[in-house]
Amino acid sequence: MVISLSCLFTIRSAHAQQEQNPPPSNPPGNLSIPETRKSEGAQQHISSHVFEYAAPFLCGMQTDQGNTRLARGCYLTSITIRNPHDTGVKYSKNLVLTYPPGEQSAGKEIPLGENVLKGGETLDITGEEIQQGAFPNGSPASYLKGLFVIRSTESLDVSALYETATINAENKIEALQDMEVKTIHERKIRQQNLPDLIIRDYDVSQLDVNCYDWSETCVTKVTFTIENTGTKDAGSFLVRVVFDPIQSVVVNLGVVGLDAGMSQVFTVKTPPGGNCFDPDCTVCVLIDSENRIAELDEDNNYRCINKLEK
């Protein structure tokens with residue numbers, strides 16, 4: 001993937017694949033088990049990015065003869081990103097400027113969006129995201145200097161190409177003066193001390209239905225394990241189990257908490273009603289359905305299984 005950031009900001013938009021999110025939580029369903037303990041502290045969404053790449057960024061034209069901050073000339077930056085994996089990698093783009101503002105004032109981080117890059121896929125992105133997202137009313141200066149920061153869920157190959165050109169008295173580009181390619185080193189983001197709730201031992205062998213005299217007596221049962229793989233205890237949370245999304249039979253399970261490194265087995269049954277197998281049965285589990293727990297990874301709380309009727 002090549003991100004070209006030209007000094008003229010001639011831009012094309014880039015479309016990226018969005019990840020599919022689990023359905024939003026609904027009001028309590030057929031069965032509700034009350035909680036006995038609340039989570040402590042304010043909860044917030046925690047990014048799942050693990051790796052970070054900070055590429056020096058300099059782009060634009062400096063025409064002032066008396067400027068001692070940067071030599072007169074035209075400066076170009078382009079950044080190359082490669083996904084060496086077979087599976088997709090989620091990444092975010094952020095611009096942090098040191099000029100402007102300059103004057104030893106710290107620049108704010110400007111988010112430029114989050115996308116997914118498939119394994120082996122390449123993509124060209126020019127400056128439209130910067131112009132329309134960060135500077136909708138136009139660039140704040142004739143040149144921009146700072147860092148272009150990439151954060152990703154998996155390791156990437158990142159390098160940067162820097163070009164400098166001389167300009168004449170009319171501020172027109174004369175000739176290429178210098179060209180340099182740098183490898184942008186990878187930094188692993190320190191993981192925060194947080195819980196991480198995941199679903200374990202969840203497969204079709206744990207799903208069955210028992211019917212007695214007629215279909216209205218059918219009870220569907222599923223068993224799964226929730227494990228806290230994080231380094232901090234999790235407070236109380238809700239688990240939303242949907243039996244057969246077409247029929248939308250919902251069971252909400254209240255969990256009083258789960259210590260770090262511990263797991264707990266849950267067996268959930270539907271109230272007597274229609275047979276889930278029509279002809280197959282799908283059951284989806286969503287941990288922390290009300291998003292009360294701040295977790296290390298917020299994207300691994302949802303799993304579905306499907307079983308064909310015997």
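The values are calculated or read from the model by the stated rules, or taken from the named source; none is laboratory data. Small disclaimer: the values here were computed from a predicted structure and weren't measured. Backbone-built Cβ (ideal geometry, glycine too); neighbour counts: all protein chains shown.
Report, by residue number, each residue of segment 59-81 that is of a type outside the set (A, V, I, L, M, F, W, C) and out of contact with any Gly (no Cβ under 8 Å at 6 or more places or on another chain).
Gly60, Thr63, Asp64, Gln65, Gly66, Asn67, Thr68, Arg72, Gly73, Thr77, Ser78, Thr80, listed by residue number.
Does segment 161-169 contain at least one residue that is within 23 Å of the chain's Cα centre (by Cα), closer than 30 Å to Leu147 by Cα and assigned by TED's automatic domain parsing to the domain that holds Ser92?
The answer is no, given that none of the residues of segment 161-169 is within 23 Å of the chain's Cα centre (by Cα), closer than 30 Å to Leu147 by Cα and assigned by TED's automatic domain parsing to the domain that holds Ser92.
Of the residues that make up segment 233-242, is at least one crowded, with 19+ Cβ neighbours inside 10 Å, modelled with pLDDT of 90 or more and out of contact with any Asp or Glu (no Cβ under 9 Å at 6 or more places or on another chain)?
yes
What residue, of Phe277, Phe266, is part of a loop (DSSP other than H, G, I, E, B) and of a type in the set (Phe, Trp, Tyr)?
Phe277 is the lone residue from the list that is part of a loop (DSSP other than H, G, I, E, B) and of a type in the set (Phe, Trp, Tyr).
Being without any contact (Cβ under 8 Å) to a residue 40 or more places away in the chain and charged (D, E, K, R) is the filter; apply it to segment 185-215 and report the residue that is farthest from Arg82 (Cα to Cα).
Asp213
For segment 181-210, which residues satisfy the criterion of being within 26 Å of Met262 (Cα to Cα) and more than 25 Å from the chain's Cα centre (by Cα)?
Asp201, Asp203, Val204, Ser205, Gln206, Leu207
For Val283, are the conditions met, namely being crowded, with 19+ Cβ neighbours inside 10 Å, out of contact with any Pro (no Cβ under 6 Å at 6 or more places or on another chain) and part of a strand (DSSP E or B)?
Taking the combined requirement at face value, the residue satisfies it.
Condition test on Ile173, is it modelled with pLDDT of 90 or more, surrounded by fewer than 16 Cβ atoms within 10 Å (Cβ to Cβ), aliphatic (A, V, I, L, M) and assigned by TED's automatic domain parsing to the domain that holds Phe57?
In short, yes.
With over 21 Å from Leu207 (Cα atoms) and not polar (S, T, N, Q) as the only criterion, which of Val249, Val256, Val285 stands out?
Val256
Quick one: is Thr80 of a type outside the set (A, V, I, L, M) and farther than 30 Å from Thr153 by Cα?
Taking the combined requirement at face value, the residue does not satisfy it.
Which of the residues spanning segment 256-286 are touching a residue at least 40 places away in the same chain (Cβ under 8 Å), out of contact with any Lys or Arg (no Cβ under 6 Å at 6 or more places or on another chain) and closer than 15 Å to Thr223 by Cβ?
Passing the criteria: Ser263, Val265, Phe266, Thr267, Val268, Thr270, Cys276, Val283, Cys284.
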